[in-house]
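K.L.:
My structure is below; once you've seen it, I'll send some questions.
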Amino acid sequence: MIGTRIKQARIALGMTQDEVVVALAEREVSLTKAGLSKYERGGSTPKPTVLRELAKVLGVEAAFFLEEPRTEVRWLAFRKAARMGKKRQERVKAFAEAQLEVILALRRALEPGREEDLLPRTRVRNPQDAEKAANALREHWRLGDQPIDSVTAAIEDGGGVVVEAGGEDDLFDGLSGWADEAIPVVVVSSAVSDDRRRFSLSHELGHLFMEVDPKVDESTWEKLAHRFAAAFLVPAATARRELGPRRRHLDLRELAMLKQKHGLSMQAWIIRADNLGIIQPSHTRTLFATMSARGWRREEPVGFEGEERPTKLRQLAVRALAEGLLSRTQAERICPGITREVDEFDEIPPGAMDARSLLRLPASERDRLMEQAVAVVADEYEDDSDLAGFESLSWEDYFDTSLSD
């Protein structure tokens, strides 16, 4: 187990065995690459002194190497570029597993009575079934038929985990799997645009929530996941409401506006209209030819800015820090920069006084300071109609005494 954890921490940090050996040498620890490899294979166990230095180099606590992983991940699909090597793939998976373990450990500590939601998995044999599967998930998560503000938030609110991985390149779009066969996990690249990220997230949800015959080839699988993604972002009824049931011509400016409203690319909107029979295949070809001629196949003329960054880990870390379940050092290791953010948020402006200090003052001094504060903001309340509107309510208006009898 120690060897597995050493390898997991190294890959998650993106370090090679040679780099770890060099970093240890800088800390005056002599270890060869062959020796480190032997540790990782479980052929031998490092001494406690070496383990402590390894922990410092790999950015974890020494106890990490001794902990039995409590989460088992079964990866299902990995949508990536052909040139993405196996080492990079393993690094993404290791990083995701490390992040997942932290998130679920915090969830177990902060929500001890939590029960995982039983999420709907739909048997899919054709594109129409993929549409039904997407609608079933939207219904289960109570998303209605309106644009989804954040697919990431929908997954996290639904009990799933979203991990952002990768570097500056876009060698992969998405990775999906099940944690302990109950928790959906989606990994997305940090190097892609928000509309592409939304589609990738939705595509991976298709892999998770569609039960497809194992005999189905990979190309068909991907097409069904694409159909699921489009239907999840824009249900058929919504697409027909936006475009109409039948169209002879679609204006590209119209598609640009719909992209900004729904977070689905212009090209995906064209395919969506074609799949639903709103436009004829001949017009689909014309639209794509126009997009190509204008150079819009690679970069569309309008962008989409959404809220597709995972927030659950940072939220849990701040909560655990507030409740004393994490030390500042632990919180910083889990979420680099989190303690600075907390300190800046809690920072008291110069000349201001926090509530505890105010309560320690004599009553007369407190009253004097409060009168000064009221005088400072009085003009703002008098000039701001929204704030002054509160004056129309008296204290008694907050209580409905007619119901008390």
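K.L.:
For the stretch 34-138, what number results from the quotient of the Cα radius of gyration and 2.2 N^0.38 Å? Please list the in-between numbers first.
P.N.:
On the way: Rg = 19.8 Å, N = 105, 2.2 N^0.38 = 12.9 Å.
Working it through for the stretch 34-138, the quotient is 1.53.
K.L.:
Now for a separate question. Write down the percent of antiparallel bridges among all DSSP beta bridges whose residues are both part of the chain, to the nearest 5.
P.N.:
Roughly 60 percent of the beta bridges in the chain run antiparallel, per DSSP.
K.L.:
Sorted from largest to smallest, which semi-axis lengths in Å does the alpha carbon gyration tensor of the chain give for its equivalent ellipsoid, taking the root of 5 times each eigenvalue?
P.N.:
Working: eigenvalues 342, 312, 87 Å².
Taking √(5λ) for each Cα gyration eigenvalue gives 41, 39, 21 Å.
K.L.:
Follow-up question, since we're still on this one. Mean projection of the alpha-carbon convex hull of the stretch 70-233 over all orientations, in nm²? Write down the numbers at each step before the final one.
P.N.:
Working: hull surface 38.4 nm².
Averaging across all directions leaves 9.6 nm² for the Cα convex hull.
K.L.:
Applying the Karplus parametrisation 6.51 cos²θ - 1.76 cosθ + 1.60 with θ = phi - 60° to the phi angles of the stretch 272-284, what ³J(HN,Hα) value in whole Hz is obtained for each residue in order, glycine and proline being reported as x?
P.N.:
Whole-Hz 3J(HN,Hα) from phi for the stretch 272-284: 4, 5, 5, 4, 8, x, 6, 10, 7, x, 5, 6, 4.
K.L.:
I've got another one for you. Cβ under 14 Å from Gln315's Cβ, Gln315 left aside: what net charge do those residues give with Lys, Arg +1 and Asp, Glu -1?
P.N.:
Its environment carries a net charge of -1.
K.L.:
So, counting K/R as plus one and D/E as minus one, what does the shell of residues with Cβ under 12 Å around Leu104 add up to?
P.N.:
Values: positive: Arg70, Arg107, Arg108, Arg114, Lys312; negative: Glu72, Glu97, Glu101, Glu111, Glu116, Asp180.
Result for the neighbourhood of Leu104: -1.
K.L.:
Using only DSSP helix segments of four residues or longer, with each worth -39500 (n - 2.57), what per-residue ellipticity at 222 nm results for the chain after dividing by its residue count and rounding to 500?
P.N.:
Details: 19 runs with 220 residues, N = 405.
When only DSSP H runs of four or more count, the value is -16500 deg cm²/dmol.
K.L.:
What's the long-distance tail for the stretch 20-67, i.e. % of Cα pairs beyond 13 Å?
P.N.:
Result: 54 percent of Cα pairs exceed 13 Å.
K.L.:
Binning every alpha carbon pair distance of the stretch 204-345 at 5 Å from zero, what are the percents per bin?
P.N.:
With a bin width of 5 Å, the distribution comes to 2, 8, 14, 13, 13, 10, 9, 9, 8, 7, 4, 2, 0.
K.L.:
Of the listed peptides 178-190, 106-118, 320-332, what is their order by residue-averaged count of other C-beta atoms within 10 Å, with the highest listed first? It would help to have the intermediate numbers written out before the result.
P.N.:
Values: 178-190: 20.4, 106-118: 11.7, 320-332: 14.6.
Packing order, densest peptide first, comes out as 178-190, 320-332, 106-118.
K.L.:
If I take the Cα coordinates of the stretch 123-194 and project them onto the principal axes, what are the three extents in Å, biggest first?
P.N.:
Extents along the principal axes, in whole Å: 36, 27, 25.
Every number here is computed from the coordinates shown, using simple stated rules; none is lab data. Quantities reported herein were computed from a predicted structural model and do not represent experimental measurements. Virtual Cβ from ideal backbone geometry, glycine too; neighbours counted across all protein chains shown.
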